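The structure is given below, and queries will be raised subsequently.
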């Protein structure tokens, strides 16, 4: 498995890409909250993010992306609701409801370098279960980031994330992973949100990765939706998702999408 090391020039461009992505996610968040006052579709959210990306002369890296060579993703953002984990396809006729957990996942291609990030937004206040699973997922990403630095192991991250999530009474998704990113949408290595300390590849300075814990309410199990795009919780419970792109440094890492 060959894992690319990005140059200093690459990192400069990736930082620019990350700033664009950060703004696109902020606009997507604002659009979800408009659902408290009037109808907002999942396509509205994607189009709002796309407008930001295009305004910088960048491109949405998910739009038209087809890792299997067919069935390309048709829009800019993946917009997934409640028991949908990731890869929800935006739809003009699917409307956000108050109390929903809306997961927005976006990729940006800028000067041929790519970043990837996701956030989970609760529309309005939400119930206690929704608030807890979103907070747990956000916090476990922070726990995992603390394990990332040159010389440490992939398994250090996975064990820390899963332990934290289990203590909160939830489950990490085991069938979906984080990944390397930068030159392509998905690069080696695969980064599961479970593992064992001291195992897996050793991080090196200059690696760029997308960490993305996905957390389910009832179990780790997942299923594919009827559109063969979206992944859902197998038992029907809630799910949350957070993701950031970061570059590994000698003493830790730098988050590029905040």
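Listed here are the residues, each with its yes/no results for (1) farther than 23 Å from residue 256 by Cα; (2) touching a strand residue (DSSP E or B) at 6+ places or on another chain (Cβ under 9 Å).
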site: 49; (1), (2): no, yes
site: 66; (1), (2): yes, no
site: 73; (1), (2): yes, no
site: 81; (1), (2): yes, yes
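Report yes if residue 240 is assigned to a strand (DSSP E or B), crowded, with 21+ Cβ neighbours inside 10 Å and touching a helix residue (DSSP H, G or I) at 6+ places or on another chain (Cβ under 7 Å), otherwise no.
yes
Please state which one of 102, 89 is outside any helix (DSSP H, G or I), touching a residue at least 60 places away in the same chain (Cβ under 8 Å) and crowded, with 23+ Cβ neighbours inside 10 Å.
Selected residue: 102, the only one of 102, 89 that is outside any helix (DSSP H, G or I), touching a residue at least 60 places away in the same chain (Cβ under 8 Å) and crowded, with 23+ Cβ neighbours inside 10 Å.
Could you grab me the full set of residues in region 34-66 that are within 20 Å of the chain's Cα centre (by Cα), in a loop (DSSP other than H, G, I, E, B) and on the phi < 0 side of the Ramachandran plot?
Matches in region 34-66: 58, 61, 62, 63, 65, 66.
Go through region 224-241 and report how many residues are under 18 Å from the mean Cα position of the chain (by Cα) and closer than 12 Å to residue 87 by Cα.
Of the residues in that region, 6 qualify.
Another one. Scan region 163-183 for residues that are in contact (Cβ under 8 Å) with a residue 60 or more places away in the chain and loosely packed, with under 14 Cβ neighbours inside 10 Å and report the count.
Of the residues in that region, 1 qualify.
Which of the residues that make up region 133-162 are under 28 Å from residue 224 (Cβ atoms) and either without any contact (Cβ under 8 Å) to a residue 24 or more places away in the chain or part of a strand (DSSP E or B) (or both)?
Answer for region 133-162, where residues must be under 28 Å from residue 224 (Cβ atoms) and either without any contact (Cβ under 8 Å) to a residue 24 or more places away in the chain or part of a strand (DSSP E or B) (or both): just 135.
Follow-up question, since we're still on this one. Can you find a residue that is closer than 23 Å to residue 223 by Cβ, under 14 Å from the mean Cα position of the chain (by Cα), in a strand (DSSP E or B) and in contact (Cβ under 8 Å) with a residue 60 or more places away in the chain anywhere in region 106-123?
Yes, there is a match, as at least one residue in region 106-123 is closer than 23 Å to residue 223 by Cβ, under 14 Å from the mean Cα position of the chain (by Cα), in a strand (DSSP E or B) and in contact (Cβ under 8 Å) with a residue 60 or more places away in the chain.
Condition first: assigned to a helix (DSSP H, G or I) and either closer than 26 Å to residue 200 by Cβ or at pLDDT below 95 (or both). Now tell me which residues in region 3-17 satisfy that.
Passing the criteria: 10, 11, 14.
The values are calculated or read from the model by the stated rules, or taken from the named source; none is laboratory data. Just so it is clear, the model here is predicted, and its values are computed rather than measured. Quick reminder, even Gly has a Cβ in these numbers, built from the backbone with ideal geometry, and neighbours come from all protein chains shown.
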